[in-house]
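Beneath this line is the structure, given in structure tokens, with notes to follow.
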Amino acid sequence: SLATFARAPYLGDIPGTSPLLTVHEAKGAHFKFVFIPGAVWGKFPRRFSPGVYIKKTEDEQKHYDTEEKIFLSALSAGTEKVFVSFNGGEEDEMPSPYIEEFLKDIAVKSAPAQDTFSVEMEMVPAERPPDGSVHGDIFFSGHDGGKVKISVSSLESYMKCPLNFFIEKMISLETKRSEKALCGTLVHSILEKFHAEFPVPASKSEMSSRMDELTDEVFASPGAADFETRHSAGCWKAFFSFFLKKYAEGDNIFKVTEREKSVSVSMEDIEVSGRIDRVDEIEGGSEVIDYKTGTGKKFKKVALRNQIGRGEHLALPIYARAIEGCSEITLFWLADHEKPEDYPQKVTLALDDEKTLAALEEMDLKLKEALENIKKGDFSPASKCPNSRSCPHKDLCARVRGVDIYEI
Ligand code: SF4
């Protein structure tokens, strides 16, 4: 909706995007193409309601004069084409009177006499949007309580910062994938192939040499073509092959039943989907495992529970609900450059443990609130920034927090 977009008024700060400005912010600026959506009574001009976006002292005539000037300045901001759209027909959504009034004689009012330009006025009925629409990584169907689908990773991103989620997942601004993230994908692929061949342990030497071969194979595949240089690809490969070899030669006991399994869980009318790295059969049930290629430094059971309770780690608890008989969830950290001797390492939580159950209850409350906010279209910046140092959108965020977008 317009209200949603209006919360991110400076998207033009991000290279490769178009500025999204209120008409007030666009005053004096010029662009090749200008789109003015929502040209209806009540917005163009805004109703005269002193105290609501309008100074209490302003008089009515002055207000409408200002509105008129602002609309005209928006019209004349386009150097090539101006698109004005409105939703007509409903009683309280009448087309703006300016459409009739100014589009006819804009040339007279705002263009210098020697440089008049013609205005082609064409009324084009807008096509109805299809029933379902995809915004980046999120799928909406219908407007009022319709079906919404979202991935677990998007949901985690929303829980961390709704504005960041909006920019990266909903409008899908391309952000370059880091080499570390690329390694994560490759390592997941190596482990998937490894456990396809070894659902249960074989001899250490057999598993170790096969792990070496799979590492060579995957790091030479087209999926690994995005490293900056061959040198950096070689460094990353050497780093991870050390830990993957340790993984293959370790004393892991496993009985793998599923790898890279796609699942979907229905929560609060929203379908949450994801991919489970691994499911193992264990005594009395099954264990859902999530691999992490980053460091798990201070990670202990209590920290994982806290993260779950705060709604920062959703993947394992949500995946557990998709697997019948799941009794344990495990985070498996594969590599760390500071303490290589400690890795791989893992933390497992039993789902019938009292403290874990309490954390899951807390998570459910947070999740419910977040899912409702997503449906409402609330994409405000996080109240406590989770990533102030390296967030690529911090300038935009500062403006969204600080700017009164209705200020004249
Ligand atoms: S700076 Fe922080 S609060 Fe703002 S968008 Fe980035 S992550 Fe969110």
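The values are calculated or read from the model by the stated rules, or taken from the named source; none is laboratory data. All values reported here derive from a predicted model rather than from experimental measurement. Please note: Cβ atoms are built from the backbone with ideal geometry, for glycine as well, and neighbour counts cover all protein chains shown. When the accessible area is computed, the model is the full protein with side chains, heavy atoms only, and any ligands, DNA or RNA have been set aside. Shrake-Rupley method; radii C 1.70, N 1.55, O 1.52, S 1.80 Å.
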- Query: For D395 and N306, what does the FRET efficiency come to when R0 = 35 Å and r is the distance between their Cβ atoms, rounded to the nearest 0.05?
  - Reply: 0.65
- Modelled label-to-label distance, R230 and D342, 7 Å Cα→beta-carbon offset: nm? 3.7 nm
- Message: Semi-axes of the equivalent ellipsoid for segment 246-383, please: Cα gyration tensor eigenvalues, times 5, square-rooted, ordered largest first, whole Å.
- Response: 27, 19, 14
- Query: How many lysine pairs does segment 179-249 hold where the Cα atoms are under 17 Å apart and the two sit 8 or more places apart or on different chains?
  - Reply: 9
- Message: In Å², and per residue, what accessible area does segment 182-269 have when probed at 1.4 Å with the other protein chains present?
- Response: 53 Å²
- Message: Taking loop as defined by DSSP and a crowding limit of 15 other beta carbons within 10 Å, which trypsin sites (Lys or Arg not before Pro) in segment 216-321 fit?
- Response: K255, K297, K298, K300, R310
- Item | Selection of GluC sites (Glu not before Pro), segment 252-346, meeting DSSP coil and at most 11 other Cβ within 10 Å | E283, E324, E338
- Query: Percent of accessible area on segment 179-249 owned by carbon and sulfur, 1.4 Å probe?
  - Reply: 59 percent
- Note on the structure: XL table K27/K62; K346/K394; K160/K346; K292/K384; Cα-Cα > 29 Å flagged, in table order, is K346/K394
- Task: Could you check the simple spin-label distance between D364 and N252, using points 7 Å along Cα→Cβ, in nm with one decimal?
- Result: 3.2 nm
- Message: Counting other C-beta atoms within 10 Å, and keeping those with at most 16, which DSSP coil trypsin sites (Lys or Arg not before Pro) do you find in segment 324-398?
- Response: K384, R389
